[in-house]
Amino acid sequence: MLNSFVVAATDTVQQFAQATAGTGDSLFVTIMKGFSNLAVPIILFVVVVLGFFKKIKVYETFIDGAKEGFSVAVNIIPYLVAILVAIGMFRASGAMGFFIKILSPLTNLIGMPAETLPVALMRPLSGSGSLGIVTELMTKHGPDSFIGRLASTMFGSTETTFYVIAVYFGSVGIRKSRHAIASGLIGDLAGMLMAVFICHIVFG
Amino acid sequence: MNYIWLALMVISLVVGAFTGNLGAVTAAAVDYAQTAVDISLGLIGIMAFWLGIMKIAEEGGIIKILSRAIRPISKFLFPEIPPDHPAIGTMLMNIIANWLGLGNAATPLGLKAMKELQKLNKSEDTATNAMVVFLALNTASITFIPMTVIAVRAKLGSANPFEIISTAVFASTCATITAVTAAKLMQRLPGIRKSDPNRLPKTTEEGDNNA
């Protein structure tokens, strides 16, 4: 345990050094990367050592907690099947094209290139689907074009709302999600609009 | 959810019939059912791991310390949860994992937090206000290094793959604030207030009612 922690920490320091020396990443990126790499090892170290000093039987307690992993994962299955099947069918049907036609006059008004509309529509539905669209756009227009930058920003600005709701609620058996989807989608809409706005300011 | 699910199904089938994609639609259904199972089962290992660690953290008192540390914020976001309840500390860990882009840890921690929130829920199958706010934080989640899209940009030869970090952080912060505000405002609407499980009379503690 301690050994692997040391190895992980050394690795991170090396990556740190490489990152600062070579690529010209900004300081912010370097610091955040360092945090990301070290966060899990530090959490594990603190939890286990503190648990030991508090006279907890760490191994037994770990097993006790870990037991529930299986049931949580299995509980999610029906919820995830329901939502992913519906989203998969929706994508395969080509219905997205109609929505794009209907909405494109609106997006032109706010200075959002029509090409990026599919990203905005797909983002809450499917992570892999929207990443596919973003990749395609960047391949066609270049990652450093306005469209490429906007599409990347859109992808990075929210999570896959329907997936999160299905998995999180599914794990505890919540079927009536009340206003969760509405507030999630309102957040997504705000994220997409603000992505257009900030990209015009920063990259425009 | 009922209407959204129904709409997705009906639209897909009708549009599929008109565009001649019906075969593809059916194939997608089968495909995605399998994907859903793969994703769920793929969570077992990492889920068990984090649940084990979190159990030690809980008994060691770390979760309680975290919960107390963010009392001012949690009192505002989750007024109905007791400030030193483990749900608060677990939610904080989930949010931090999201910020750091630790997808592998964020989901198990989030699900652990849902479990804690469910303990405070008087209903078996209806979301509480606290759950909706927590979900709003997660669906719009801020990530300081959106690694997936940065990797794609780098692969496609971007001069600066990281340049979208600031714009993405800005947009996702706005998205998060909007989603939480929307959740907070909507919970006051009469129809949504009526379905709040916290308004239910305290149910008798029965563990066997999991139909």
Residue exposure sequence - B:Trp5, B:Trp50 - by fewest surrounding Cβ within 10 Å:
B:Trp5, B:Trp50
Cα-based helix-to-principal-axis angle, A:127-141 vs chain A, degrees rounded to 10
60
Please give the charge dipole size of chain B, origin at the Cα centre, charges +1 on K and R Cβ atoms and -1 on D and E Cβ atoms. Round to the nearest 20 debye.
660
Highest GNM mean-square fluctuation among B:Gly60, B:Gly157, B:Gly20, for chain B with Cα springs under 10 Å, belongs to B:Gly20
Between rounded, prolate and oblate, where does the protein assembly as shown land on the alpha carbon gyration tensor, with a ≥ b ≥ c its root eigenvalues, rounded for a/c under 1.5, else prolate if a/b exceeds b/c?
oblate
If each of B:Asn104 and B:Asn198 carries a label point 7 Å out from its Cα toward its Cβ, how far apart are those two points in nm?
3.7
Going by how many other Cβ atoms sit within 10 Å of their own, how do A:His141, A:His179, A:His200 line up, fewest first?
A:His200, A:His141, A:His179
With the charge dipole of the protein assembly as shown built from beta-carbon charges (+1 for Lys and Arg, -1 for Asp and Glu) about the Cα centre, the Cα from A:His141, B:Asn2, A:Phe52 projecting farthest to the positive end belongs to B:Asn2
Select from B:Ala48, A:Tyr168, B:Pro79 the residue farthest towards the positive end of the dipole of the protein assembly as shown; place +1 on Cβ of Lys and Arg, -1 on Cβ of Asp and Glu, and compute about the Cα centre.
B:Pro79
For chain A, calculated [θ]222 nm from helices alone, where every DSSP H run of n ≥ 4 adds -39500 (n - 2.57)
-26000 deg cm²/dmol
Distance cut-off 30 Å, Cα to Cα: go down the list A:Lys140/B:Lys112; A:Lys33/A:Lys67; A:Lys67/B:Lys119; A:Lys57/A:Lys176; A:Lys57/B:Lys184; B:Lys75/B:Lys119 and report the pairs above it.
A:Lys140/B:Lys112; A:Lys33/A:Lys67; A:Lys57/A:Lys176; A:Lys57/B:Lys184
In deg cm²/dmol and to the nearest 500, what is the mean residue ellipticity at 222 nm of chain B if only DSSP H runs of at least 4 residues count, each as -39500 (n - 2.57), divided by the residue total?
-23000 deg cm²/dmol
Between region B:20-53 and region A:66-104, how far is it from one alpha carbon centroid to the other, in angstrom?
9
Round to the nearest 10 and give me the degree value, 0 to 90, for the angle of helix A:69-93's Cα axis relative to the longest principal axis of chain A.
10
Sort B:Lys112, A:Lys67 by Cβ crowding within 10 Å, fewest neighbours at the top.
A:Lys67, B:Lys112
Could you let me know the centre-to-centre spacing of region A:28-59 and region A:143-204, using Cα atoms, in angstrom?
30
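All of the numbers you see were taken from the coordinates with simple rules; none came from a lab. Since this is a predicted model, take the numbers as computed values, not measurements. Here Cβ is always computed from backbone atoms with ideal geometry, including for glycine, and neighbour counts include all displayed protein chains.
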